[in-house]
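Student: Provided herewith is a single structure, encoded as structure tokens, for subsequent inquiry.
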Amino acid sequence: MPRGKFITLEGGEGVGKTTNLVFIENYLKLHGIPVVVTREPGGTVLAEKIRHLLLDKESEDISENAELLMVFAARAQHIKHVIEPALASGNWILCDRFTDATYAYQGGGRNMKNSTIAWLENLVQGSLKPDLTLLLDAPVEIGMERARSRGNLDRFESEKIHFFEQVRRAYLLQAELHPSRIKVIKTNQPLIDVENELINVIGNFLR
Ligand code: TMP
């Protein structure tokens, strides 16, 4: 059984990850690919508990270092218990966010050093990297509008617009640094056009 492929879906708040995740999952299944859909932070019992702590607005002020370490603690559990076993047994992984989100939110949003993130990335992941990353991109105001309309903002969603501008900039920089892995898809266009772009990118990847 050949090792599975590791696909990640990224993007700021309200860019349409949830809708497009379902579309991508269905597209892969239609092509006979056994796919496990999961998310970060989360994906295991412990990692979901860490997610809850990270998103909880009522918690004590979380230090930037604590936030970064919690993200990677959750990731370590997720890799050990879900991602690695699935890939090793020939399943594909479709993951809602992964380490590009850390470069975007903790690196861009919180202004933490990329070298610190890279050190933890190496510790936790070794050589594990996504094979393909779909980065959904839309102007921050559009995304925030969508996030707000869902109501009940979490700890990250409650950040100021400047934070999300930094997140978006860091995501786009990641895409510039890794053009063969990260494909940017603009989502401030009709859904059908977004889906056609996804089909195009994933189709090329499958070939
Ligand atoms: P979401 O998956 O519902 O979009 O929410 C997860 C939140 O966690 C989102 O606001 C981004 C944040 N996050 C980080 O700050 N760093 C990370 O490495 C990951 C995976 C998520």
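Student: Could you pull out the longest piece of the chain with no exposed loop GluC sites (Glu not before Pro) in it, calling a site exposed if DSSP puts it outside H, G, I, E, B and it has at most 11 other Cβ atoms within 10 Å?
Tutor: Longest gap between qualifying sites, sites excluded: 61-207.
Student: Right, here's the next one. Would you pull out the residues with amide H under 5 Å of VAL37's amide H, same chain only if 5 or more places away, H placed 1.01 Å from N?
Tutor: LEU94
Student: Gain in length, ARG207 to ALA73, computed as 0.36 nm per residue apart minus the alpha-carbon separation, to one decimal in nm?
Tutor: Going from the current span to full extension adds 44.8 nm.
Student: Additional query: Assuming R0 = 30 Å, can you tell me the calculated FRET efficiency for the pair ASN111 and LYS80, based on Cβ-Cβ distance, to the nearest 0.05?
Tutor: Efficiency for this residue pair is about 0.50.
Student: Can you list the equivalent-ellipsoid semi-axes of the chain, largest first and in whole Å, using the square root of 5 times each Cα gyration tensor eigenvalue?
Tutor: The three semi-axes for the chain are 25, 22, 16 Å.
Student: Separate question: With θ set to phi - 60°, apply the Karplus curve 6.51 cos²θ - 1.76 cosθ + 1.60 along the range 50-56 and write out the HN-Hα couplings as whole Hz, x wherever there is a Gly or Pro.
Tutor: For the range 50-56, the Karplus curve yields 5, 4, 4, 4, 5, 8, 5 Hz.
Student: Would you mind working out the accessible area per residue for the range 7-108, using a 1.4 Å probe, and quoting it in Å²?
Tutor: I get 42 Å² per residue for this part.
Student: From the backbone phi of the range 6-16, what are the Karplus-calculated ³J(HN,Hα) couplings (6.51 cos²θ - 1.76 cosθ + 1.60, θ = phi - 60°) in whole Hz, Gly and Pro given as x?
Tutor: These are the phi-based 3J(HN,Hα) values: 10, 10, 10, 10, 10, x, x, 5, x, 8, x Hz.
Student: Still on this structure, I have one more. Suppose only helical runs count, i.e. DSSP H with n ≥ 4. What mean residue ellipticity at 222 nm does that imply for the chain under -39500 (n - 2.57) per run, divided by all residues and rounded to the nearest 500 deg cm²/dmol?
Tutor: Computed mean residue ellipticity for the chain: -15500 deg cm²/dmol.
Student: I'd like the carbon and sulfur percentage of the solvent accessible area for the chain, probe radius 1.4 Å, heavy atoms only, ligands and nucleic acids excluded.
Tutor: 54 percent
Student: Follow-up question, since we're still on this one. Roughly how far apart, in whole Å, are the Cα centres of the range 148-207 and the range 56-84?
Tutor: Between the Cα centres of the range 148-207 and the range 56-84 lies a distance of 22 Å.
Student: Further question on the same structure: Take the Cα coordinates of the range 96-207, assign each an equal point scatterer, and use the Debye formula without solvent to give log10 I(q)/I(0) at q = 0.11, 0.13, 0.19, 0.21 Å⁻¹.
Tutor: -0.41, -0.57, -1.12, -1.26
Student: Turning to a different aspect of this structure: Suppose the chain between LYS186 and LEU172 were pulled fully straight at 0.36 nm per residue; how much longer would it get relative to their current alpha carbon spacing?
Tutor: Extra length available between LYS186 and LEU172 comes to 3.9 nm.
Student: Just going by the charge dipole of the chain, with Lys and Arg at +1 and Asp and Glu at -1 on Cβ, which of LEU206, SER115, ILE185 is farthest out on the positive end?
Tutor: With unit charges placed on the Cβ atoms, the residue in question is LEU206.
The values are calculated or read from the model by the stated rules, or taken from the named source; none is laboratory data. Quick caveat: nothing in here was measured; it's all calculated off a predicted structure. Neighbour counts run over all protein chains shown; Cβ positions are idealised from the backbone, glycine included. Quick note on the areas: whole protein, heavy atoms, side chains included, nothing else; ligands and nucleic acids left out. Shrake-Rupley method; radii C 1.70, N 1.55, O 1.52, S 1.80 Å.
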